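**Student:** My questions will all concern the structure given below.
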Amino acid sequence: MIGAIGIGLAGGVIAGMLGVGGGVLFVPGLVAFLSLSQHQAEATSLLAIVPVAIVGAYTQDRFGNVRRGDALLLGLLSIAGAAAGVALANTLSGRALRDSFAALLVLVAAQLVYKVRATATRPAPLDGNGADAMH
C-alpha cells in the first residue's frame, strides 16, 4: 500500500509539474514495488493516468495554458494509436516489452540532455539596451 501511495503521489506531481505522462513513473514503480508484470503495469498505468490527466488538464486550463483544439485533435488521433499499441504490446513477451519501454526512456532522456546542452551553449538574447534579456 505504501508503494502504491508513493507511486501515485510522485507520478501525479511529475505529470502535473512537467507534463510528463505519469506512466514514466507508474510503470517502473508498479513493476518494482508492486510486483506487477510489464503488461499488467502498462495496462494499470493507462487507467491510472485518466484521473491525473483530468485534474492536470483542468488546473492548467484555469491558468489558460490548454490549447483545446490541439488537445482534441491529439486525443482523437491517439485513440487509434492506443488501440494499435495495446495490440502490439500483447504480441510481445514481457521482457521485450520491458526492454522497449526502457529504450524509450533512454531515448527521451538523451533528447532532453541534448536540448539542455544545446540551449546552454547559446548566448542569451539581448534586450533593446544590449543587456541580457534573460535576467
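**Student:** Please find, in a Gaussian network model of the chain (springs between Cα atoms separated by less than 10 Å), the residue of G29, G12, G69 whose mean-square fluctuation is greatest.
**Tutor:** G69
**Student:** From zero outward in steps of 5 Å, how is the percent of C-alpha pairs of the range 1-48 spread across the bins?
**Tutor:** In whole percents, the pair-distance histogram is 5, 28, 33, 24, 9, 2.
**Student:** Specify which residue in the list G6, T91, A120 is farthest towards the positive end of the charge dipole of the chain, using unit charges on the beta carbon of Lys, Arg (+1) and Asp, Glu (-1), about the Cα centre.
**Tutor:** The residue sitting most towards the positive pole is T91.
**Student:** If you don't mind, another one. Please work out the ratio of the alpha-carbon Rg of the range 27-102 to 2.2 N^0.38 Å and round it to two decimals.
**Tutor:** 1.32
**Student:** Which value in nm describes the separation of the simple spin-label points at M1 and A87, placed 7 Å from the Cα toward the beta carbon?
**Tutor:** Reported label-point gap for M1 and A87 is 4.2 nm.
**Student:** Using θ = phi - 60° and the Karplus curve 6.51 cos²θ - 1.76 cosθ + 1.60, what whole-Hz ³J(HN,Hα) does each residue of the range 56-63 get, with Gly and Pro shown as x?
**Tutor:** So the J values, rounded to whole Hz, are x, 5, 4, 5, 5, 5, 4, 8.
**Student:** Run through all the Cα pairs of the chain and give the fraction in each 10 Å bin from 0, expressed as whole percent.
**Tutor:** It works out to 10, 30, 33, 18, 7, 2, 0, in whole percents.
**Student:** Here is a follow-up. What number, rounded to the nearest 500 deg cm²/dmol, is the helix-based mean residue ellipticity at 222 nm of the chain, given -39500 (n - 2.57) per DSSP H run of at least four residues and division by all its residues? Let's see the in-between values first.
**Tutor:** Numbers: 5 runs with 104 residues, N = 135.
Mean residue ellipticity, 222 nm, calculated: -26500 deg cm²/dmol.
**Student:** Right, next: Show me the trypsin sites (Lys or Arg not before Pro) within the range 42-73 that DSSP assigns to loop and that have at most 11 other Cβ atoms within 10 Å of their Cβ.
**Tutor:** Working: sites: R62, R67, R68; in loops: R67.
Those that pass, being in a loop and sparsely packed, are R67.
**Student:** To continue, here is another question. What angle, in degrees between 0 and 90 and rounded to the nearest 10, separates the Cα long axis of helix 23-34 from the longest principal axis of the Cα atoms of the chain?
**Tutor:** Helix 23-34 sits at roughly 40 degrees to that axis.
**Student:** Given H placed 1.01 Å from N in the peptide plane, which residues other than close sequence neighbours of L36 have an amide H under 5 Å from its amide H?
**Tutor:** Amide H neighbours of L36, under 5 Å, 5+ apart: V31.
**Student:** Of L36, L107, L74, which is the most mobile in a GNM of the chain whose springs link Cα atoms less than 10 angstrom apart?
**Tutor:** L74
No value in this document is a laboratory result; all are computed from the given coordinates. No experiment lies behind these values; they were computed from the predicted model shown. FYI the Cβ positions are ideal-geometry reconstructions off the backbone, even for glycines, and counts take in every protein chain you see.
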